[in-house]
Amino acid sequence: MLEYLELLAREAAAVEFEGPLVAARNAGLPPEHIAELEQAKVVALRVRALLERRRRREEELSGLFDTASDLAGLRDVDAVLAAIVHRARTLLGADVAYMTLNDETRGDTYMRVTDGSISARFQALRLPMGAGLGGLVAQTGSPYVTADYPRDERFRHTGDIDAGVSEEGLVAILGVPLRLGSRIIGVLYAANRSARPFAREEVSLLVSLAANAAVAIDTARLLGETQAALEELSAANGVIRAHSDSVERAAAAHDRMTALVLRGAGVEDVAAVVVEVLGGSLLVLDAENRRLALVGELDQPDPSAIAEALAASRTEGRSVRRGALWFAAVVAGAENLGALALRPDEALVDADQRILERAAVVTALLQLFRRTVAEAEGRVRGELLDDVITRPVRDADALRARAKRLGVDLDAPNVVVAIGADAFTAGPLRQSTAGSIRQRAVSWAQTYAQTRSGLAAARDGHIVLLLPGDAPGAAARAVARDLGKLLARPVTAGAGGPATAPEGIAAAYRDADRCVTALTALGRTGTGASTAELGFVGLLLGSAPDGRDRDVRSFLDSAIGPVVDYDARRGTALVKTLEAYFGVGGSLARAAEVLHVHVNTVTQRLERIAQLLGADWQKPERALEVQLALRLHRLSTS
């Protein structure tokens with residue numbers, strides 16, 4: 001047996017494991033000794049295969065980690081995509097790996113990156129949508145694999161594609177889609193020049209690499225757009241500096257406001273610069289006419305006057321004067337983001353108007369930047385909360401580390417609050433209006449949770465918040481009250497906890513989810529409560545503090561367990577008979593009608609039930625327990 005351990009230790013080839021057997025046979029050892037060696041060989045080969053699989057998995061994880069590191073330091077998208085394709089080829093042990101991207105203008109896909117390819121014709125291929133394996137993957141968004149592409153009739157073959165594949169010498173091909181949200185932007189491939197089946201694990205690995213590639217492409221697009229925006233801003237600054245002396249002041253003011261943006265300053269700082277340059281008082285409003293900043297003294301104008309002035313400002317693309325005030329719309333494309341209202345000390349010349357209009361542009365940029373940062377951080381926090389809820393046991397330590405980076409302590413007492421979907425769907429709302437209300441609620445929840453060192457996410461039709469504390473009921477009522485004021489409509493919130501550790505938080509989420517459902521079912525919409533505050537309903541719906549379900553099963557077993565077991569063993573309908581009997585107020589004749597059986601049959605079944613539950617099962621206190629147990633049994637099996 002020692003020989004096999006030595007072979008495993010030096011990672012010998014599989015064929016070498018026959019050596020001890022051959023030596024034993026040549027030495028004429030007894031059959032029983034050879035049988036033991038044979039069994040040891042089988043076990044050793046299994047161990048070798050297991051070690052090989054683990055080694056390969058480590059290589060795959062290392063490759064994915066390296067890819068993620070490339071994305072974190074993304075500078076050259078071509079280099080990142082080339083690295084991903086090369087890793088795909090290496091990790092899958094393929095002869096060739098390559099990537100195609102969709103051309104939305106031409107309606108086909110084209111070769112973007114190759115690794116291991118030797119055919120110039122193959123490297124220049126373009127695939128019509130639906131043609132070949134790659135075209136089908138790009139069209140359907142599903143992975144496809146073939147062990148022998150030239151003879152595979154599942155794909156629509158074309159002369160150009162088959163010629164390129166033939167010149168490259170490819171036989172086995174695996175293709176997976178590059179997904180960017182709900183869109184398919186291309187396909188990532190691994191291919192061999194000989195027949196080869198691709199295992200499910202290899203398909204999964206290639207899908208993971210494809211996801212990283214899609215992120216790289218999208219990140220490069222965003223970087224390009226950002227660079228273009230900065231270039232446009234720089235060009236505009238150059239034009240301003242080229243103006244006459246009357247424009248120099250506007251250019252200087254614009255530079256100062258731009259510097260504020262780059263330093264991460266706020267709307268208040270931009271307003272202060274405008275007042276310093278132009279004098280007077282400035283009021284900054286958001287899209288809902290709420291005050292964002294005020295420098296000086298200025299009463300807020302009437303909403304109708306603001307609406308009329310902003311409509312004129314958007315139409316003319318300029319600032320407009322209304323009495324003693326100048327208004328400039330803060331817009332991004334067609335989206336209204338707010339307004340600037342200036343009451344200057346002196347009359348404004350054209351260059352001064354430009355300063356006010358530039359301030360509106362910078363304010364719009366700040367609003368968009370803040371929204372983008374908030375959305376990005378909200379997504380990170382939301383993904384963490386989603387993982388805490390769905391994967392607490394497997395990734396507990398990793399979840400704690402991620403939470404710590406965000407200033408969240410998962411091991412401290414926390415409560416989970418679930419906001420019911422009725423806040424976004426109740427009443428006669430258009431789909432667009434409901435979506436807007438939901439988005440406002442999500443944004444509010446993210447801000448609310450973040451300011452309290454918590455988390456928020458949209459999940460399963462609810463908005464879920466994780467908040468520090470040990471009073472779930474109070475937290476639910478506060479959320480229902482504050483969000484209800486913001487949305488001007490009733491908000492229902494259920495809470496679970498307090499809980500510590502990811503496992504407990506996951507259980508608290510289940511409590512909160514059940515609690516908000518129970519509140520709606522009980523007609524308590526527009527309120528907040530915890531599972532513990534729902535009394536008996538909370539006992540039935542909630543979980544124990546240690547994360548385990550309440551012991552409702554023992555109640556069911558004691559109340560109707562013998563009847564349920566009897567039905568399960570015999571295939572009878574005693575439970576259904578009990579439900580019908582209680583449902584018609586204890587009338588044998590009406591129960592028989594409901595069950596479509598004879599009255600004698602109902603009588604016989606009730607006699608059997610009496611034998612199983614005891615003769616006192618119809619006494620008031622027992623009958624109540626039996627009816628409650630029947631209701632719970634129906635809920636638990638539905």
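Taking the stretch 484-505 as the range and being surrounded by fewer than 21 Cβ atoms within 10 Å (Cβ to Cβ) and in a helix (DSSP H, G or I) as the test, the residues that pass are G484, K485, L486, L487, A501, E503.
Taking A474 as the residue in question, decide whether it is open to solvent by 50 Å² or more (accessible area, probe 1.4 Å), without any contact (Cβ under 8 Å) to a residue 12 or more places away in the chain and either in a strand (DSSP E or B) or of a type outside the set (S, T, N, Q) (or both). When the stated conditions are applied, A474 passes them. In the stretch 207-221, the residue that is farthest from the chain's Cα centre (by Cα) out of those that are open to solvent by 10 Å² or more (accessible area, probe 1.4 Å) and either under 23 Å from Y144 (Cβ atoms) or among the charged types (D, E, K, R) (or both) is R221. Number of residues in the stretch 420-435 that are in contact with a Phe, Trp or Tyr (Cβ under 9 Å, 6 or more places away or on another chain) and at pLDDT 75 or above: the value is 0. Scanning the stretch 146-179 for residues that are part of a strand (DSSP E or B) and surrounded by 20 or more Cβ atoms within 10 Å (Cβ to Cβ) yields T146, A172, I173, L174, G175, V176, P177, L178.
R631: surrounded by fewer than 17 Cβ atoms within 10 Å (Cβ to Cβ), modelled with pLDDT under 90 and part of a helix (DSSP H, G or I), yes or no? The answer is yes for R631. The residues on offer are L81, L127, and the sole one that is farther than 18 Å from A163 by Cβ and open to solvent by less than 60 Å² (accessible area, probe 1.4 Å) is L81. Does the stretch 513-524 include one or more residues that are in contact with an Asp or Glu (Cβ under 9 Å, 6 or more places away or on another chain), surrounded by fewer than 24 Cβ atoms within 10 Å (Cβ to Cβ) and charged (D, E, K, R)? Yes, the conditions are met somewhere in the stretch 513-524. Scanning the stretch 297-325 for residues that are assigned to a strand (DSSP E or B) and out of contact with any helix residue (DSSP H, G or I) (no Cβ under 6 Å at 6 or more places or on another chain) turns up R321, L325. Here R510, R524, R481, R514 are screened, and the one residue that is of a type in the set (K, R), out of contact with any Pro (no Cβ under 8 Å at 6 or more places or on another chain) and assigned to a loop (DSSP other than H, G, I, E, B) is R524. Within the stretch 259-296, can you find the residues that are surrounded by fewer than 14 Cβ atoms within 10 Å (Cβ to Cβ), at positive phi and either touching a strand residue (DSSP E or B) at 6+ places or on another chain (Cβ under 9 Å) or not in a loop (DSSP other than H, G, I, E, B) (or both)? Across the stretch 259-296, there are no qualifying residues. Got a number for residues in the stretch 447-471 being open to solvent by less than 40 Å² (accessible area, probe 1.4 Å) and either at pLDDT 90 or above or touching a strand residue (DSSP E or B) at 6+ places or on another chain (Cβ under 8 Å) (or both)? Residues in the stretch 447-471 being open to solvent by less than 40 Å² (accessible area, probe 1.4 Å) and either at pLDDT 90 or above or touching a strand residue (DSSP E or B) at 6+ places or on another chain (Cβ under 8 Å) (or both): 13 in total. Quick one: count up the residues across the stretch 573-602 that are out of contact with any Gly (no Cβ under 8 Å at 6 or more places or on another chain), open to solvent by 40 Å² or more (accessible area, probe 1.4 Å) and of a type in the set (A, V, I, L, M, F, W, C). Selection size over the stretch 573-602: 5. Restricting the search to the stretch 105-123, which residues are loosely packed, with under 14 Cβ neighbours inside 10 Å and either within 23 Å of R200 (Cβ to Cβ) or at pLDDT below 90 (or both)? Scanning the stretch 105-123 gives T105, R106, G107.
Selection of the stretch 566-588 for residues being of a type outside the set (G, A, S) and in contact with a Leu (Cβ under 9 Å, 6 or more places away or on another chain) yields Y566, D567, L574, V575, K576, T577, L578, E579, Y581, F582, L588. Exactly one residue out of V362, V349, V331 is open to solvent by less than 10 Å² (accessible area, probe 1.4 Å) and modelled with pLDDT under 85, and it is V362. Just give me the residues in the stretch 590-612 being out of contact with any helix residue (DSSP H, G or I) (no Cβ under 6 Å at 6 or more places or on another chain), assigned to a helix (DSSP H, G or I) and either hydrophobic (A, V, I, L, M, F, W, C) or within 15 Å of V564 (Cα to Cα) (or both), in sequence order. Matches in the stretch 590-612: L606, R608, A610, Q611. Pairs linking a residue in the stretch 164-191 that is free of Cβ contacts under 8 Å to residues at least 40 places away in the same chain to a residue that is open to solvent by less than 10 Å² (accessible area, probe 1.4 Å), with Cβ atoms under 6 Å and 6 or more positions apart or on different chains, are V176/L188; V176/L206; V176/A210; R179/A214; L180/A214.
The values are calculated or read from the model by the stated rules, or taken from the named source; none is laboratory data. Since the structure is predicted, the reported quantities are computational estimates derived from the model, not experimental observations. In this analysis, Cβ positions are derived from the backbone assuming ideal geometry, glycine residues included, and neighbour counts consider all displayed protein chains. In case anyone asks, the SASA skips ligands and DNA or RNA and just uses the protein heavy atoms, side chains included. Shrake-Rupley method; radii C 1.70, N 1.55, O 1.52, S 1.80 Å.
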